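Student: Right, I'll just put the structure down here and ask away after.
Rule-based calculations on the coordinates, nothing more; no lab input. Since the model is a prediction, treat every value here as computed from it, not as a measurement. Positions of Cβ are generated from backbone atoms using ideal geometry, with glycine treated the same way; all protein chains shown enter the neighbour counts.
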Amino acid sequence: MAASAPFRIVHTVCSHDCPDSCAVLVTVNEEGRAVKVEGDPSQPVTRGFLCGKVAKYLDRVYAPDRVLYPLRRKPGVAKGPLPRGSEHESFERVSWDEALDAIAAQLKQISDRYGPESILPYSYAGTIGVLGFGSMDRRFFHRLGGSQLDRTICSEAGGQAWNLVYGKKYGTPTEDVRLAKLVLAWGANIHGNNIHLWPFVEEARRNGARLIVIDPYRTRTAAVADWHIAIRPGTDAALALGLMHVILNEGLEDRAYIAEMTHGFERLAERVREYTPERVAAWTGMTAAEIEQLAREYANTRPTMLRLNYGVQRSQNGGTAVRAIAMLPALTGAWKHRGGGGQLSTSGAFQWDKKALERPDLAAASPIGRLARVVNMSELGRALTELGRDQRTEIRDQKDSEQGTMNSGQEGTPAPDGPAVHALFVYNSNPGAVAPNHNAVCRGLMRDDLFTVVHEQFFTDTTDYADYILPATTFLEHTDVQGAYGHYFVQLSKQAIAPPGEARPNVWLFGQLAQRMGFSESCFRDTPEEMIRQALAIGEDGHSKNANMEHITFEDLEREGHIPLAFYAEPEKRPFLPYTSGSVPTPSGKIEFFSETLAAAGADGLPAFIPPIESRWGAAATKYPLELLGRKNDNFMNSTFANLPGHRKMEARTSQRIEMHPTDAQSRGVVDGERVRVFNDRGSLELTTMLNASLPAGVVAARLDWAKLHPDGANINALTSERLTDIGGGATFYSTLVEVAKA
Ligand code: SF4
């Protein structure tokens, strides 16, 4: 559109944590105000539409309660939950200069006194733009010597599990799903949070495909499936092994594919002999006949597409579950058929130059001269309350004796290595809502010897504990580059509008802070365009040096907005069939049914079903017999969007409800619509019952929400634990036992 036109249209990319990574066209008027957002019709997966969350995105960008200026906690105001709508009264506006100078000074002081590892970044996928997710921030913390964060909270268990089998996360192209004759959605609420896959599923169904959904909860997707299988939470590995048992028992495997492409088949075949349909039925709640029917339908249909999503891996045995499920298309040779195969994520195809972006070499110049210790983000409560406990207790002793009170340090838990956390720098995340073991996290955030900075767009559960709140941009307000975990396009997200107020992207924030800290390396002054070129590893000939991106130049990307990866340039002429020829990037060069890597580490080289400690088979079930499903909302993105009235309205039906099977309600003497207490040893929450006969008996479901929007000031994470997954050290949100009683 001509520059003199009253409107211009800018190509951006939705950077919310969603596989679809939509190309978003933003219409901007003469005053520089965005007036419309719409899906780019020329992007083959976006296809011109946006989900309900982002279709009204301007409500978020121009929300009256956005944080627009740097804020400092007023002297004497205690940390802790603040009434919604009046948070600003606890903070005072400061300039960016004041805020950056004060934060830099405080970080220096903490680093000098306790060592730089006492400073902990905490971030995740509030933006999945390549720069915004991890670039200048990583440089900053490497140079500082701050603790490294193991970013495990969402996908690490599943990602590592998939890579144990296949080496890299590739998957069936989303656009090819239209060719499938069976879509098996396993823990995948396609309609709720992968909506751009849905039209391809519908097209496949119009052409005769069946949709089978495996999910303990009757999601929107499950409700419209041909067959919804509501297995018990955490039993996915058992079901996958049971399906393999039937497939092998009946000779439905693809022997030629197995011989050519896989490793460890004989050992797997031996292992699955014990997973008879009858045994698996007892764990999953299915009948043996249903397990046999599912196995036959899966193995006999061509093409068969397995859409596996990350919910499966958020249980204690979640890594093994993903590993076992991922083996199914290798057993049946489903990868050979266009439209068949599977998809957990396509992110392995995007080989960004992370070294150039994150600069781990800067750690050598930090005060510790090496890469810092690693803290697992799924154990934030422990990190804030137990790490370096002795050292912190000493400090608290001094403070307490000054105040004439007794020390209240925790007893009885071992103190891990390294200093206590004395500064927490939160960006791209809202741990006050999303981190497991909410009460422990809040105890940590309440510490008066913890300095907390939060870079955010709104007042959240986390900003209530901040010493400084810094205003953050939305994806309309900064430039970034992005891949996807649900398609194969590299996309440029151009800045469409000036940030409102004084909001700034985290790339700018950490560059500025580095300079105030006296870090003289020139990389802290890189511009976003320079960093995008670095991410793309643009060489002297103007082309990317990254695998699969060699055909891409920055200029092409600027002009086109989105460019397919090299192997996906002509999908009709050269369909992409992952894992069908050549070697696979595993140690054996084959798809691994048996993992020598795991075996060498003393673990089981084969998948096996071990019931989670917090499940109906665990000892704690005698006290807390109900398995809790902490549900994500279809119209929120984890905790993002939960503050917007329009989005809340769309989730009103289950807001602050605990869904129960009628038999579980009856045995507790509670009825529909009654106020109950949901509790375990970690916490308690009052909710209203909602009877739901589609849940398996013994399973209750409640959705994740902001703690501060609940009268108890807590959310379902008051009930979840910091126990980690079997692979990848991920969070185990879906291995949680509770009891329900009348309030
Ligand atoms: S949240 Fe997902 S579906 Fe919605 S606009 Fe963003 S990328 Fe697209």
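Student: Being touching a residue at least 40 places away in the same chain (Cβ under 8 Å) and surrounded by 14 or more Cβ atoms within 10 Å (Cβ to Cβ): is that true of residue 682 here?
Tutor: On the way: touching a residue at least 40 places away in the same chain (Cβ under 8 Å): yes; surrounded by 14 or more Cβ atoms within 10 Å (Cβ to Cβ): yes.
Yes.
Student: Something else: Assuming residue 200 fulfils every condition listed in (1) within 16 Å of the ligand (Cβ to nearest atom); (2) in a loop (DSSP other than H, G, I, E, B) apart from one, which condition is it?
Tutor: With respect to (1) within 16 Å of the ligand (Cβ to nearest atom); (2) in a loop (DSSP other than H, G, I, E, B), residue 200 is out only on (2).
Student: Taking interchain pairs and intrachain pairs at least six residues apart, which have beta carbon atoms under 7 angstrom, with the first residue in the stretch 127-153 and assigned to a loop (DSSP other than H, G, I, E, B) and the second of a type in the set (Phe, Trp, Tyr)?
Tutor: Short answer, once both residue conditions are applied: 127/133; 127/475; 129/475; 151/124; 153/124.
Student: Follow-up question, since we're still on this one. Determine, yes or no, whether residue 702 is part of a loop (DSSP other than H, G, I, E, B), in contact (Cβ under 8 Å) with a residue 24 or more places away in the chain and of a type in the set (A, V, I, L, M). First the steps, then the outcome.
Tutor: Values: part of a loop (DSSP other than H, G, I, E, B): no; in contact (Cβ under 8 Å) with a residue 24 or more places away in the chain: yes; of a type in the set (A, V, I, L, M): yes.
Taking the combined requirement at face value, the residue does not satisfy it.
Student: Right, another one. Can you name every residue in the stretch 274-292 that is of a type in the set (D, E, K, R) and touching a residue at least 60 places away in the same chain (Cβ under 8 Å)? Outline the logic, then answer.
Tutor: Taking the stretch 274-292 and keeping what is of a type in the set (D, E, K, R), we get 274, 278-279, 290, 292.
Answer for the stretch 274-292, where residues must be of a type in the set (D, E, K, R) and touching a residue at least 60 places away in the same chain (Cβ under 8 Å): just 290.
Listed here are the residues, each with its yes/no results for (1) closer than 18 Å to residue 193 by Cβ; (2) of a type in the set (Lys, Arg); (3) away from the ligand (no atom under 16 Å from the Cβ).
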position: 637; (1), (2), (3): yes, no, no
position: 668; (1), (2), (3): no, yes, yes
position: 673; (1), (2), (3): no, no, yes
position: 676; (1), (2), (3): no, no, yes
position: 701; (1), (2), (3): yes, no, yes
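Student: Within the stretch 24-33, take every residue that is β-branched (Val, Ile, Thr) and within 14 Å of the ligand (Cβ to nearest atom) and give me the one that is nearest to residue 481 (Cα to Cα). Give the steps one after another, and end with the answer.
Tutor: The first filter runs over the stretch 24-33 and keeps only residues β-branched (Val, Ile, Thr), leaving 24, 26-28.
After this cut, where a residue has to be within 14 Å of the ligand (Cβ to nearest atom) as well, the list is 24, 26.
Working: 24: 13, 26: 16 Å.
Here the residue is 24.
Student: When only residues in the stretch 51-67 that are over 20 Å from the mean Cα position of the chain (by Cα) and within 12 Å of the ligand (Cβ to nearest atom) count, which is surrounded by the most Cβ atoms within 10 Å (Cβ to Cβ)?
Tutor: Of all residues in the stretch 51-67, those over 20 Å from the mean Cα position of the chain (by Cα) come to 55-67.
So of that shortlist, the ones also within 12 Å of the ligand (Cβ to nearest atom) come out as 55-57, 60.
Values: 55: 14, 56: 15, 57: 23, 60: 20.
Per the stated criteria, the residue is 57.
Student: Then there's this: For the stretch 34-47, which positions are small (Gly, Ala, Ser), more than 9 Å from the ligand (Cβ to nearest atom) and either part of a strand (DSSP E or B) or more than 17 Å from residue 492 (Cα to Cα) (or both)?
Tutor: Step one: of the stretch 34-47, the residues small (Gly, Ala, Ser) are 34, 39, 42.
After this cut, where a residue has to be more than 9 Å from the ligand (Cβ to nearest atom) as well, the list is 34, 42.
34, the sole residue that qualifies.
Student: So which residues in the stretch 70-84 are out of contact with any strand residue (DSSP E or B) (no Cβ under 6 Å at 6 or more places or on another chain) and over 17 Å from residue 432 (Cβ atoms), if there are any at all?
Tutor: Correct list: 75, 76.
Student: Tell me yes or no: at least one residue of the stretch 76-90 is within 11 Å of the ligand (Cβ to nearest atom), charged (D, E, K, R) and touching a helix residue (DSSP H, G or I) at 6+ places or on another chain (Cβ under 6 Å). Please lay out each step first, then the result.
Tutor: If we filter the stretch 76-90 for residues that are within 11 Å of the ligand (Cβ to nearest atom), which is where we start, we get none.
The answer is no, given that none of the residues of the stretch 76-90 is within 11 Å of the ligand (Cβ to nearest atom), charged (D, E, K, R) and touching a helix residue (DSSP H, G or I) at 6+ places or on another chain (Cβ under 6 Å).
Student: Only one residue in 164, 144 is under 20 Å from residue 513 (Cα atoms) and hydrophobic (A, V, I, L, M, F, W, C), so which one is that? Don't jump to the end; show me each part of the working.
Tutor: Numbers: 164 fails: under 20 Å from residue 513 (Cα atoms).
Only one candidate passes the filter, namely 144.
Student: Still on this model: Give me a count of the residues in the stretch 181-197 that are assigned to a loop (DSSP other than H, G, I, E, B) and buried (at least 24 other Cβ atoms within 10 Å of the Cβ).
Tutor: So in the stretch 181-197, the residues assigned to a loop (DSSP other than H, G, I, E, B) come out as 181, 187-189, 194.
When the remaining residues are screened for being buried (at least 24 other Cβ atoms within 10 Å of the Cβ), the result is 187-188.
The total comes to 2.
Student: Within the stretch 628-654, track down each residue that is of a type in the set (Gly, Ala, Ser) and closer than 17 Å to residue 461 by Cα.
Tutor: Residues satisfying the conditions are 639, 642.
Student: Give me a count of the residues in the stretch 502-553 that are more than 16 Å from residue 565 (Cβ to Cβ), more than 27 Å from the chain's Cα centre (by Cα) and part of a loop (DSSP other than H, G, I, E, B).
Tutor: Within the stretch 502-553, residues that are more than 16 Å from residue 565 (Cβ to Cβ), more than 27 Å from the chain's Cα centre (by Cα) and part of a loop (DSSP other than H, G, I, E, B) number 12.
Student: Ok, one more. One residue is enough: does the stretch 110-122 have a residue meeting the conditions under 15 Å from the mean Cα position of the chain (by Cα) and surrounded by 24 or more Cβ atoms within 10 Å (Cβ to Cβ)? Steps first, answer last, please.
Tutor: Going residue by residue through the stretch 110-122, those that are under 15 Å from the mean Cα position of the chain (by Cα) are 122.
Of the ones still in play, those that are also surrounded by 24 or more Cβ atoms within 10 Å (Cβ to Cβ) are 122.
Among the residues of the stretch 110-122, at least one is under 15 Å from the mean Cα position of the chain (by Cα) and surrounded by 24 or more Cβ atoms within 10 Å (Cβ to Cβ), which makes the answer yes.
Student: Sticking with this structure for a sec: Just the residues that are closer than 29 Å to residue 584 by Cβ and without any contact (Cβ under 8 Å) to a residue 24 or more places away in the chain, please, taken from the stretch 348-393.
Tutor: 355 - this is the single residue of the stretch 348-393 that is closer than 29 Å to residue 584 by Cβ and without any contact (Cβ under 8 Å) to a residue 24 or more places away in the chain.
Student: Separate question: In the stretch 4-23, which residue that is within 17 Å of residue 41 (Cα to Cα) and more than 7 Å from the ligand (Cβ to nearest atom) is farthest from the chain's Cα centre (by Cα)?
Tutor: 8
Student: Which residues, counting only those in the stretch 613-638, are over 22 Å from residue 737 (Cα atoms) and either in a helix (DSSP H, G or I) or of a type outside the set (Phe, Trp, Tyr) (or both)?
Tutor: Result: 634, 635, 637.
Student: Quick check: anything in the stretch 237-246 closer than 27 Å to residue 596 by Cβ and touching a strand residue (DSSP E or B) at 6+ places or on another chain (Cβ under 9 Å)?
Tutor: Yes, there is a match, as at least one residue in the stretch 237-246 is closer than 27 Å to residue 596 by Cβ and touching a strand residue (DSSP E or B) at 6+ places or on another chain (Cβ under 9 Å).
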